[in-house]
Structures are given as structure tokens and as C-alpha cells.
Amino acid sequence: MESISSKATIRHIITEAQAVWDQQGAAAFVTMLHDALFKKKVRFPLLEYAAKEIAAAIPEVAQIAVTDRIIELREMGGQVVAGMILQLRLPRHFKQSVDKACDYIRFGNEWYVCDIIGERVLGYALLTQPDKTIPLLKKLAVHEDKWIVRTIGVATHYAVKKGLDPVFVEPVFGILLSLAGTTDFHTKKGIGWGAKTVARFHPDIIARYAPDIASAVTRPWFRTKVSIGLNRNRKK
């Protein structure tokens with residue numbers, strides 16, 4: 001598989017794609033991106049850079065129609081780009097970006113789609129707009145779709161790792177703890193990932209919730225993830 005390893009190459013591709021947009025429209029634009037970018041081996045940071053270039057190259061009102069088309073391609077590179085474009089739209093279009101992220105996660109129906117989009121949209125939303133995002137995560141915790149519930153752990157991992165203020169970490173950990181009795185494999189993976197990260201960076205929060213973590217309602221997999229995080233904190 002051919003690789004792309006420079007921003008200059010990305011800029012060249014987007015410039016050519018923009019010319020296609022002007023001449024042939026959105027469908028041809030996405031088809032070119034598919035062939036020239038998503039079918040190549042590209043590191044995630046470069047794909048995120050490509051998303052910024054794409055967002056700057058096309059009208060804001062057309063961006064969601066483009067990300068819809070990109071997601072329909074079911075390419076991992078496209079999922080990174082679509083997630084990053086939604087992230088860029090969060091300050092001005094918070095609800096739409098989050099709703100679209102959830103739609104794309106459900107459509108993707110794979111753990112990696114959940115993680116790619118969940119980190120870049122819900123994780124970034126939690127990091128930068130916690131007051132708006134935490135109530136949303138509480139609602140998503142009772143969602144019927146396992147991938148949406150998994151996303152809560154993914155978002156927590158991202159935001160805590162990036163430095164979410166402890167005042168917001170604690171209520172988010174409370175949401176994770178409310179899901180500590182789940183038995184679904186993929187949900188456990190995501191929630192456990194978030195719990196492990198909280199334990200690694202905020203052992204004091206774990207200490208305050210020790211009785212709840214030790215309770216019979218909390219399943220062993222959750223306690224194991226917390227223990228791993230605490231051990232990593234000690235080593236650090």
C-alpha cells in the first residue's frame with residue numbers, strides 16, 4: 001500500500017480535490033479523497049491535518065453532507081477525517097456535532113470506529129466544554145446501543161489523559177462507576193479504559209470511591225482496571 005508521509009503531499013491532494021469540487025461537486029470531491037487519501041497508508045496526525053485543510057477548503061454549510069459521504073465509505077482514514085471535522089465544528093455546532101458522532105459510531109458498528117470518533121468528538125467535547133458534555137454523558141449512559149455506552153469510557157480516557165480538571169473528572173468517574181455492572185464485552189472494554197485512566201492520573205478520586213468500587217454490584221473487571229491504573233500511577 002502506498003504511503004503518504006508529508007503535509008506537503010496532503011496539501012497538494014486537497015488543492016486538487018478543491019478544484020474537483022469547483023468543477024464537479026461534492027460527490028466527485030469525496031471520490032477523489034477516497035482514491036488519493038483514504039486508500040493510502042497515512043498516519044492519524046496527518047489525517048487530522050488533512051481534515052483541517054478539507055474544512056478550510058469547502059463551505060461550512062456543506063461540511064456535514066461531505067462527512068456523511070465520507071463515513072459511508074467505511075474507510076478508517078475517512079473516520080479519522082470525519083471525526084476531526086466534527087471536532088472543529090464543536091464550538092459553533094455542539095449538538096449537531098455530537099449527534100452526528102453518535103450516528104457515525106452506530107453506523108460503523110465496530111470498536112475502532114467508536115474509539116476513533118469517540119475520542120475526537122465526545123472526548124474533545126468533554127475536555128473543552130465539560131459543563132455541557134457531562135450531562136450529555138449521563139444521558140448516553142442509558143443508551144440502548146453498546147457502542148454509544150462504550151464511548152463514555154473512550155471520551156473519559158481522552159479528556160483525563162489530556163488534562164481534564166479534577167473537578168470534572170470526579171462526576172465523570174461516577175458515570176463510569178454506574179456502568180461497572182455491565183456484562184457486554186465491548187462496553188466493558190471502553191468503560192474499563194476510562195476507569196483505568198482516572199485511576200492512573202487521579203488516585204485520590206479512586207480512594208474516595210473505594211467502598212463503591214469494592215461493593216458486590218461492581219464486577220471484577222472494573223476493579224481490575226482500577227487496580228491496573230493505580231499500579232501505573234505508583235510506577236510513574
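Does segment 84-221 classify as rounded, prolate or oblate by the C-alpha gyration tensor (a ≥ b ≥ c root eigenvalues; a/c under 1.5 gives rounded; else a/b over b/c gives prolate, otherwise oblate)? Walk me through the intermediate numbers first.
Details: a/c = 2.06, a/b = 1.36, b/c = 1.52.
Verdict is oblate for segment 84-221.
With a 1.4 Å probe and every protein chain kept in, tell me what percent of the accessible surface of segment 8-153 is carbon plus sulfur.
Accessible surface attributable to carbon and sulfur in segment 8-153 totals 51 percent.
Provide the solvent-accessible area of Arg150, counting protein heavy atoms only and rolling a 1.4 Å probe, rounded to the nearest 10 Å².
Looks like 10 Å² after rounding.
I need to check one value: relative contact order of the chain, counting alpha carbon pairs closer than 8 Å and at least 6 residues apart, in percent. Mind showing how you got there, number by number?
On the way: 309 pairs, mean separation 29.8, N = 236.
Relative CO of the chain lands at 13 percent.
Could you pull out the pairs from Lys100/Lys132; Lys7/Lys41; Lys161/Lys189; Lys41/Lys225; Lys41/Lys132 whose alpha carbons sit more than 24 Å apart here? Intermediate results must be reported in sequence, preceding the final value.
Values: Lys100/Lys132 16 Å; Lys7/Lys41 14 Å; Lys161/Lys189 17 Å; Lys41/Lys225 33 Å; Lys41/Lys132 36 Å.
Beyond 24 Å between Cα atoms: Lys41/Lys225; Lys41/Lys132.
Which order do peptides 194-201, 104-111 fall in by mean Cβ count within 10 Å, highest first? Let's see the in-between values first.
Values: 194-201: 24.9, 104-111: 18.1.
Highest mean packing first, the order is 194-201, 104-111.
Rounded, prolate or oblate: which one fits segment 1-144, using the alpha carbon gyration tensor with axes a ≥ b ≥ c (rounded when a/c is under 1.5, else prolate when a/b beats b/c, else oblate)? The partial results should precede the final answer.
Working: a/c = 1.93, a/b = 1.70, b/c = 1.13.
Cα axes put segment 1-144 in the prolate bin.
Order the following by accessible area, largest value first: His12, His202. Probe radius 1.4 Å; ligands, DNA and RNA are ignored.
Putting His12, His202 in descending order of accessible area: His12, His202.
Summing -39500 (n - 2.57) over the DSSP H runs of n ≥ 4 in the chain and dividing by its residue number, what mean residue ellipticity at 222 nm do you reach, to the nearest 500 deg cm²/dmol?
Rounded to the nearest 500, it is -22500 deg cm²/dmol.
The values are calculated or read from the model by the stated rules, or taken from the named source; none is laboratory data. Values in this document were obtained by computation on a predicted structure and should not be read as measured data. Ideal geometry is used to build each Cβ from the backbone, glycine not excepted, and the neighbour counts take in all protein chains shown. Only protein heavy atoms, including side chains, enter the accessible area calculation; ligands, DNA and RNA are left aside. Shrake-Rupley method; radii C 1.70, N 1.55, O 1.52, S 1.80 Å.
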